[in-house]
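**Student:** Have a look at this one before I ask anything.
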Amino acid sequence: MPFVWTVVIVVVLLLALSVRVVKQYERGVLFRLGRVVGVRQAGLNLIIPVVDVLHRVSLRIVTMPIQSQGIITRDNVSVDVSAVAYFRVVDAVKSVVAIENVGAAINQIAQTTLRKVVGQHTLDETLSETDRINVNIREILDVATEEWGVVVTLVELKDIQLPDSMKRAMARQAEAEREKRAKIIAAEGEAMAADALGTAADIMMAHPLALQLRNLQSLVEIGVDKNTTVVFPAPLMSTIGELGAFLTREATAADASPSAATASIASDADPVPNGKPLASSTP
């Protein structure tokens with residue numbers, strides 16, 4: 001009886017050692033006496049105890065941060081750049097046989113590739129052409145990791161740290177650029193306003209009454225504020241000229257009036273019939 005229980009226990013232990021469960025997102029690389037004999041799919045798999053070894057490999061996408069790297073750009077500016085890479089295993093056998101630790105290897109080669117690619121670009125290109133840099137890094141990593149059974153799906157620059165002096169210089173440059181744009185816009189506005197004012201002046205010269213109507217409109221606009229005192233600019237020189245002409249006409253009329261009156265009186269007092277003077281007789 002004890003022998004039977006011993007046999008049962010041994011069989012149960014052998015079955016426990018023979019059963020392996022591979023999850024849906026994994027693949028099992030089976031080694032038999034040190035040699036690869038195949039890949040086991042997800043589910044329940046049986047192996048030979050002691051003889052077989054099943055190595056599970058995850059096929060899920062792995063997110064790997066690339067730590068910040070001190071890089072000197074092509075225009076000799078020191079920057080700290082960090083990134084993140086996404087990769088997944090597509091060949092379970094190569095990821096186990098071709099390399100010892102695929103995650104650590106990809107991390108190291110990603111750091112060196114990031115430093116190499118960013119160092120080939122200027123600071124302006126690094127800041128403005130991040131998409132192209134990301135693609136270049138991913139293509140280089142794909143070539144290097146193809147033999148490891150790994151595909152790099154995405155690489156993104158995460159952070160770019162600039163020196164404080166460079167930040168101040170870029171801030172001054174941006175401020176100067178904004179001032180330039182503001183001055184250009186103001187100059188264009190002045191040119192358009194001058195053109196419109198010239199057109200309005202030509203119209204007012206052709207129609208003098210338009211200026212008076214514009215003055216009245218200005219008075220109406222000022223009166224909306226309910227001001228008690230309104231200082232309204234008038235065309236001073238033209239007003240003075242008109243006033244001088246009016247005074248001249250009045251003075252001329254005043255000088256001409258006494259002479260005309262005297263002549264009228266004289267003609268009434270001394271009539272000359274037929275254009276001949278009358279002879280005076282002495283009594």
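The values are calculated or read from the model by the stated rules, or taken from the named source; none is laboratory data. Here the structure is a predicted model, which is why all the values come from computation and not from measurement. Cβ sites come from the backbone with ideal geometry, for glycine too, and all protein chains shown count toward neighbours. The area values use the complete protein model at the heavy-atom level, side chains included, leaving out ligands, DNA and RNA. Shrake-Rupley method; radii C 1.70, N 1.55, O 1.52, S 1.80 Å.
**Student:** If you scan region 75-123, which residues turn out to be small (Gly, Ala, Ser), in contact with a helix residue (DSSP H, G or I) (Cβ under 9 Å, 6 or more places away or on another chain) and either in contact (Cβ under 8 Å) with a residue 60 or more places away in the chain or open to solvent by 20 Å² or more (accessible area, probe 1.4 Å) (or both)?
**Tutor:** Quick first cut of region 75-123, residues small (Gly, Ala, Ser) only: 78, 82-83, 85, 92, 95, 98, 103-105, 110, 119.
Next, only the ones that are in contact with a helix residue (DSSP H, G or I) (Cβ under 9 Å, 6 or more places away or on another chain) stay: 78, 82-83, 85, 95, 98, 105, 110.
Matches in region 75-123: Ser78, Ser82, Ala83, Ala85, Ala98, Ala105.
**Student:** In region 1-48, what residues are open to solvent by 70 Å² or more (accessible area, probe 1.4 Å) and basic (Lys, Arg)?
**Tutor:** Once the filter is applied, which keeps residues that are open to solvent by 70 Å² or more (accessible area, probe 1.4 Å) and basic (Lys, Arg), region 1-48 yields Lys23, Arg32, Arg35.
**Student:** Specify which of the listed residues (Ala201, Ala182) is of a type in the set (A, V, I, L, M, F, W, C), at pLDDT 85 or above and either on the phi > 0 side of the Ramachandran plot or part of a helix (DSSP H, G or I) (or both).
**Tutor:** Numbers: Ala201 fails: at pLDDT 85 or above.
So the residue among Ala201, Ala182 that is of a type in the set (A, V, I, L, M, F, W, C), at pLDDT 85 or above and either on the phi > 0 side of the Ramachandran plot or part of a helix (DSSP H, G or I) (or both) is Ala182.
**Student:** Are any residues in region 56-80 within 30 Å of Gly28 (Cα to Cα) and of a type outside the set (S, T, N, Q), and if so, which ones? Lay out the reasoning, then the answer.
**Tutor:** Just the residues of region 56-80 that are within 30 Å of Gly28 (Cα to Cα), to begin with: 56-66.
Scanning region 56-80 gives Arg56, Val57, Leu59, Arg60, Ile61, Val62, Met64, Pro65, Ile66.
**Student:** Exactly one of these conditions fails for Asp131: (1) closer than 19 Å to Pro65 by Cα; (2) in contact (Cβ under 8 Å) with a residue 24 or more places away in the chain; (3) within 20 Å of the chain's Cα centre (by Cα). Give me its number.
**Tutor:** Failing condition for Asp131: (2).
**Student:** Now for a separate question. Condition first: crowded, with 20+ Cβ neighbours inside 10 Å and assigned to a helix (DSSP H, G or I). Now tell me which residues in region 137-156 satisfy that.
**Tutor:** Ile137, Arg138, Leu141, Thr145, Trp148
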